[in-house]
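Visitor: Please find one structure pasted underneath; my questions will follow.
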Amino acid sequence: MTAKRTGGSSKATAAGLRQRAEAKAKATQPPGPDSADTLSPAAARQALHDLHVHQIELELQNEELRRAQAELEAAKARYFDLYDLAPAGYLVLTEKGLILEANLSAAKLLGVERKQLARKPLTCFIVPEDQDTYYRHRQQLSEAGTPQTCELRLLRADSAPFWARLEGSAAQDAAGASVCSVVVSDITESKRAQEELQRNESRLRSLVSVLQHPADDSKTFLDYALEQAIRLTGSKIGYIYHYHEDRQEFVLNTWSKDVMPQCSVADPQTCYALGKTGIWGEAVRQRRAIIVNDFQAAHPLKRGYPQGHVELLKFMTVPIFKGMNIVGVVGLGNKESNYSEIDILQASLLLQAVLKVTERMHAEAALRDSVARLNHAEEIAHLGSWELDLLSNRLSWSDEIYRIFGLQPQEFGATYEAFLAAVHPEDRAAVDAAYSDSRRDNQDHYEIEHRIVRKHTGEIRHVQERCRHVRDASGAIVRSIGMVHDITERKQLEAAQAFLLQCGYPGSGHEFFPALAQYLAQTLGVDFVCIDRLLGDGLTAQTVAMWSDGKFLDNVEYALKDTPCGDVVGKTICCFPRDVCKLFPRDAVLQELRSESYIGTTLWSYDGKPIGLIALIGRKPLVNPRLAESMLKLVAVRASGELERQQAEAALAHSARLNELLLNGMQLPAMLVGRNQTVLAANRIARQAGAAEGEPCWQSFGRCAHIPPADREYCEQHGTAPPDGTQCTFCQLSRMLDASEPARTEVEAFGNWWEIWWVPIDRESYLHYAIDITERKRTEDALRLAQAELEAKVKERTQELQANNRLLQMEIEERRRIETDLAQSELKFRTIADFTSDWEYWQAPEGTLLYCSPSCERITGHAAAEFMSDPGLLERVIHLDDLAAYLQHHRGRPHAKAQHEVEFRVLLPDGAVRWCGHVCQPVFDTNGTYLGRRASNRDITERKELDRREQLHLEQMLQSEKLASLGTLVAGVAHEINNPNMFITLNTPVLRDLWDEATTALDACMAQNEELRVGHVPLTEARQMAEQAFANIMKGSERIKNIVTELKEYAREAPPELDQQVDVNRMIRAAVTLSWNKIKGATDFFAADYAEGLPPVRGNSQRLEQVMINLFLNACDAIPDKGKAIHVRTRHDTLAKAVIVRVVDQGSGMTPDVLARIKDPFFTTKRDSGGTGLGVSISAKIIDEHGGRMVYESKPGQGTTVTLTLPAAEGMRDES
């Protein structure tokens, strides 16, 4: 259109020029003849020549004009292309902002035809909110006169806004009027990219702000994180719920602070079951984010919206994943604009990072709690730990060791020498020797008991120390780890036990209660000790021993009311560590002693009644209440028994005195005789006649003169009565044993006549007395005469005797009760010894056993009677490997007064083996005579097993640490390899393109020079070599990438869950990739058969991969040369519903004894080559965790086959 308009104008211009030329020619025509006839021929020829020349000149000028016109037309066409078809819009505006001109791009940007833009204001295409921006732009352009730029939003004809950049400059049109040239560019995508960058920057700032936010607990941290998520997405409200997949339950963590004032839901809950949730539970049910941008409209998911809930206009809920599990849900609402995928991404990324931080906070809190519990447990057990770094001579102590040594951390130079300085001088050399010898002899551990001296108080404490050495890769000891156990209380309690065993028994030379009072005062460091017997109704006590300020006091009787002793009665322990005077202001004794602490215990009778008490009083606060309580509980048992024994002996003595008074009141020889004919008691007259308590009555009277000759001969030979009893012609007891009523007989003996009486006291004893009736016999006649009188006297006398007999019978019954009580007391002490869990025995100097507790049968399988009858059995039950140590311990220092300990194994009759901890010490009487050895054997089998398991666990921990370090190293190496490999992968295609371009140029050169060579190689051959090299580089780079990927996956920390769907074939391929260097170095014949359609197994891919790598490495180690093969094969056992993996090698095989122990931890045949013996054990454990089986089949020289059977995951199948 422009070209045609230009052509018409040119014709008009040419015609005008013609007319102007003719007019000018007429006006300037020179004067001359009127016609050509007047010209001469020469002039005519010259004129014709000039005309011809002028014609040619005109033609040339005309040609030049046509060429110029063609160039002008081309320039106009180019202008059309540059102006109308430019990517940017061009506008020409008047001073009032009206559009004068616009190119096609501007019309297209504004969405209208170009002709419709003419004389239209530009402001009608500007978003109202950006009108001020446009006016400022025009004003700046007018004032400055230089080009100005602004960014604003324009509206298309369809009202769709877009971002545009206006670049304006001032100009003048042909008439000199001011106009504005405007270049319009669409910058919508640039703006979106800029907004995305701003959002990313905001998200990163929020994430950094959240991660750097200080918080004491996870609740505060999550509150802040929710505020950041609300701000980042432009929301108004929000919440975070924890979700438990196993229980399908939501637990509220935090609401935004603006929610609760607006919420009026009745009885809001903090826990919700998934099935009872509405739309906010859909994120879990559908396992994806849910967006509802018009919550007021009807929506199928809009349910579970209780009355009183804060008003929702827009809503978004996003699940937070950890692996395959949903662990939380974040909800956001009431954003002004619509929610989008960007909001989901921002919330997910932010909350994923927050989840990791909260998990770390929980782990740190758990760790702090665990450390606190460990410190508390160490404090309770008085057990501390230490570690000595031999390279730096740095000694680290736990808090409890500082407490044991009575030190503060800042006052202890943490070195081995500083530790030795705290050891008791007498034990220092032994402690140093124990540690130094264990290092010198290359031992793994040692154990020693020694004393320490507290620096500030000088107090001596007993400790037990155990140490284990840690070695580096070369086997050198680089670190020592140990524990220190404060056994002072145990030593004190053992000393108390020894004191109780030796004190108060016949021959000890000490009265029990005074010695006990003195011992408690000195051992526990108290100022006053009293041991009391309760009187009457238990409201009054009488002391049996009283120790005060280093001396004994006379026993007194006092009332218990308003005293701490009154609180003790009926309680096992009553302790007031301090301020006892304030608690009992009416106790004058406490006030006089200026007492500060008190502890006491009740002494109980065998039938559970309080019979006495022990009280300890100090002028200082009680330092160690626990030791005092343990000590009192220990001595209370013996003290109770001793108090009962003394009471029983007193009652028995009282009864014996009464019996003696009754018997001596009879003016006849009288005795108490048992059914076995033993004299139990005799009065003075009977004793003068030869009766002796404890002897048979026939032996006491007449020295066996009244028994049959055969019985007398048996007694003389054996010193005892015949087994079937002895017939005594004097007492004739054998005839009276069945008599239930008093019986009498007359016997002639000792030259006189005797009337013998038997009065049954009870089933076991009789009152036996004899009346000399010699005179009666001699005067029988006279007596007959006086029979009536005599019978009367006899009757009267009989009545008196019967009365006396009744009294005597009552006393005997009382004595029997007392004897029964005494027997029960003795039984109680024997029960304590018999029913202790330890095996106790007392061995005489000649080797026989004086006592053996029944616990021996539980420990050794042999009854106590067997040991009593066969002392040699003691050594026969000891394991042969431990017998020498036991004999050396037993016979080394038999008379040394210190305790000795040894541990040995005993063999039970069924072949079982148990461990015993043996402690023994010699027994001496008060004169120092050696009475034998008392020993205690404790079953320590469980402790030994725990020690073994602890050692195993420690070794496994060390192995795990090594594997963790190896994983970290592998991950780091993989990262370092991946970076240069990425350069190879990215630059090789660039290099190949350059090579292709170079070869194209070289081909052109080769057309001129057929002998062209590259690197001394013909170009054709060089091209093939280069192509092969590029292919090999890419192939090698891909292999590096695959290996690095497998290494990183293998080094990745395995999740504890066993719920992955594991592709067994893919897992084995990954294991082959990681083991390939080892495999190709071991064999040239490796084959793998992967079954098709193999179902997956449920478990942990990384742990199963660890098993396969271990099997491949073991197979490679078993193969003697590269000519032997390794074959791995998978298959699906449909009947067993299992996946079978079989690894076969043609190695050297295993002997039956090696095969039997192949799964034992730390068993290895490769110890010299660095084997730990944990590979197969850990692999078997992993397979067991997956519910599978690992079976080894092997014979020497025939190789080994390992079969893994893993349960298939039903309902799924591998389609790879």
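The values are calculated or read from the model by the stated rules, or taken from the named source; none is laboratory data. These figures come from a predicted structure and were not determined experimentally. Cβ: placed from backbone, ideal geometry, glycine included. Neighbour counts: every protein chain shown.
Visitor: Before we move on, is PHE552 in the same structural domain as LEU643 (by TED's automatic domain parsing) and surrounded by 18 or more Cβ atoms within 10 Å (Cβ to Cβ)?
Guide: no
Visitor: Can you give me the ranges of the strands (runs of 3 or more DSSP E) entirely in region 1056-1132 with at least 2 residues that are more than 16 Å from ILE1183 (Cβ to Cβ)?
Guide: Fully inside region 1056-1132 and qualifying: 1085-1089.
Visitor: Can you work out which of the residues in region 242-256 that are touching a helix residue (DSSP H, G or I) at 6+ places or on another chain (Cβ under 8 Å) and under 25 Å from GLY323 (Cβ atoms) is surrounded by the fewest Cβ atoms within 10 Å (Cβ to Cβ)?
Guide: It comes out as GLN248.
Visitor: Which pairs have Cβ atoms under 8 Å, sit 6 or more apart or on different chains, and link a residue in region 569-592 that is assigned by TED's automatic domain parsing to the domain that holds ASP537 to one that is of a type in the set (Lys, Arg) and assigned to a helix (DSSP H, G or I)?
Guide: Hits for this filter: THR572/LYS633; ILE573/LYS633.
Visitor: Let me confirm something: among ARG287, ARG303, which residue is among the charged types (D, E, K, R), surrounded by fewer than 20 Cβ atoms within 10 Å (Cβ to Cβ) and either at pLDDT 85 or above or under 35 Å from the mean Cα position of the chain (by Cα) (or both)?
Guide: Of the residues listed, the single one that is among the charged types (D, E, K, R), surrounded by fewer than 20 Cβ atoms within 10 Å (Cβ to Cβ) and either at pLDDT 85 or above or under 35 Å from the mean Cα position of the chain (by Cα) (or both) is ARG287.
Visitor: So which of VAL431, VAL463 ends up being assigned to a strand (DSSP E or B), in contact with a strand residue (DSSP E or B) (Cβ under 7 Å, 6 or more places away or on another chain) and hydrophobic (A, V, I, L, M, F, W, C)?
Guide: The conditions single out VAL463.
Visitor: Checking PRO268 against (1) assigned to a loop (DSSP other than H, G, I, E, B); (2) modelled with pLDDT of 75 or more; (3) surrounded by 11 or more Cβ atoms within 10 Å (Cβ to Cβ): exactly one of these is not met. Which one?
Guide: Condition (2) is where PRO268 drops out.
Visitor: Across region 370-413, which residue is modelled with the lowest pLDDT among those that are under 20 Å from the mean Cα position of the chain (by Cα), among the polar types (S, T, N, Q) and assigned to a helix (DSSP H, G or I)?
Guide: Filtering region 370-413 for residues that are under 20 Å from the mean Cα position of the chain (by Cα), among the polar types (S, T, N, Q) and assigned to a helix (DSSP H, G or I), the one modelled with the lowest pLDDT comes out as ASN375.
Visitor: Hey, another quick one. Residue check, TYR446 against (1) touching a Lys or Arg at 6+ places or on another chain (Cβ under 9 Å); (2) at pLDDT below 90; (3) closer than 27 Å to ALA517 by Cα; (4) not charged (D, E, K, R), all met but one. Which one?
Guide: Of (1) touching a Lys or Arg at 6+ places or on another chain (Cβ under 9 Å); (2) at pLDDT below 90; (3) closer than 27 Å to ALA517 by Cα; (4) not charged (D, E, K, R), only one is false for TYR446: (3).
Visitor: For residues in region 739-768 being on the phi < 0 side of the Ramachandran plot and assigned to a loop (DSSP other than H, G, I, E, B), which is modelled with the lowest pLDDT?
Guide: ALA739
Visitor: Can I ask one more? Inside region 561-600, counting only helices (runs of 4 or more DSSP H) that do not spill past its ends, which hold 2 or more residues that are under 48 Å from the mean Cα position of the chain (by Cα) and farther than 22 Å from ILE611 by Cα?
Guide: 580-583
Visitor: Consider ILE614 against the criteria (1) assigned to a helix (DSSP H, G or I); (2) in contact with a strand residue (DSSP E or B) (Cβ under 9 Å, 6 or more places away or on another chain); (3) closer than 26 Å to THR488 by Cα: it satisfies all of them except one. Which criterion is unmet?
Guide: Failing condition for ILE614: (1).
Yes/no matrix, rows are residues, columns are (1) within 20 Å of GLU195 (Cβ to Cβ); (2) in contact (Cβ under 8 Å) with a residue 40 or more places away in the chain:
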residue: HIS137; (1), (2): no, no
residue: SER142; (1), (2): no, no
residue: THR149; (1), (2): yes, no
residue: ARG153; (1), (2): yes, no
residue: ALA157; (1), (2): no, yes
residue: ALA170; (1), (2): no, no
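Visitor: Determine whether region 410-432 contains at least one residue that is farther than 18 Å from SER480 by Cα, polar (S, T, N, Q) and loosely packed, with under 13 Cβ neighbours inside 10 Å.
Guide: yes
Visitor: Now, a different point. Note down all Cβ pairs under 7 Å where the first residue falls in region 271-291 and is without any contact (Cβ under 8 Å) to a residue 40 or more places away in the chain and not assigned by TED's automatic domain parsing to the domain that holds ILE320, the second is part of a helix (DSSP H, G or I) and among the small types (Gly, Ala, Ser), and they're at least six residues apart or on different chains.
Guide: Listed pairs, sorted by first residue: none to list.
Visitor: Now for a separate question. Taking region 55-85 as the search range and keeping residues that are small (Gly, Ala, Ser) and at pLDDT below 75, which one is surrounded by the most Cβ atoms within 10 Å (Cβ to Cβ)?
Guide: This residue is ALA77.
Visitor: Hey, another quick one. Tell me, which helices (runs of 4 or more DSSP H) wholly within region 852-945 include 3 or more residues that are under 24 Å from GLU494 (Cβ atoms)?
Guide: 855-860, 880-892
Visitor: Can ALA541 be described as under 53 Å from the mean Cα position of the chain (by Cα) and crowded, with 17+ Cβ neighbours inside 10 Å?
Guide: The answer is no for ALA541.
Visitor: Can you tell me which of (1) in a helix (DSSP H, G or I); (2) out of contact with any helix residue (DSSP H, G or I) (no Cβ under 8 Å at 6 or more places or on another chain); (3) not assigned by TED's automatic domain parsing to the domain that holds LEU420 is the one MET361 doesn't meet?
Guide: (2)
Visitor: Name every residue in region 388-402 that is charged (D, E, K, R), within 20 Å of ILE477 (Cβ to Cβ) and either touching a Leu at 6+ places or on another chain (Cβ under 7 Å) or touching a residue at least 40 places away in the same chain (Cβ under 8 Å) (or both), in order of residue number.
Guide: Hit for region 388-402 is ASP389, nothing else.
Visitor: Output the number of the condition that LEU500 fails; it satisfies all remaining conditions of (1) under 27 Å from ARG578 (Cβ atoms); (2) part of a helix (DSSP H, G or I); (3) more than 37 Å from the chain's Cα centre (by Cα).
Guide: (1)
Visitor: For VAL623, which of the numbered conditions (1) in a helix (DSSP H, G or I); (2) farther than 20 Å from CYS530 by Cβ; (3) at pLDDT 80 or above fails to hold?
Guide: (1)
Visitor: Within region 418-430, restricting attention to residues that are at pLDDT below 90 and not aromatic (Phe, Trp, Tyr), which residue is nearest to HIS462 (Cα to Cα)?
Guide: ALA422
Visitor: The conditions are (1) under 30 Å from GLU494 (Cα atoms); (2) assigned to a helix (DSSP H, G or I), and HIS456 fails exactly one of them. Which is it?
Guide: With respect to (1) under 30 Å from GLU494 (Cα atoms); (2) assigned to a helix (DSSP H, G or I), HIS456 is out only on (2).
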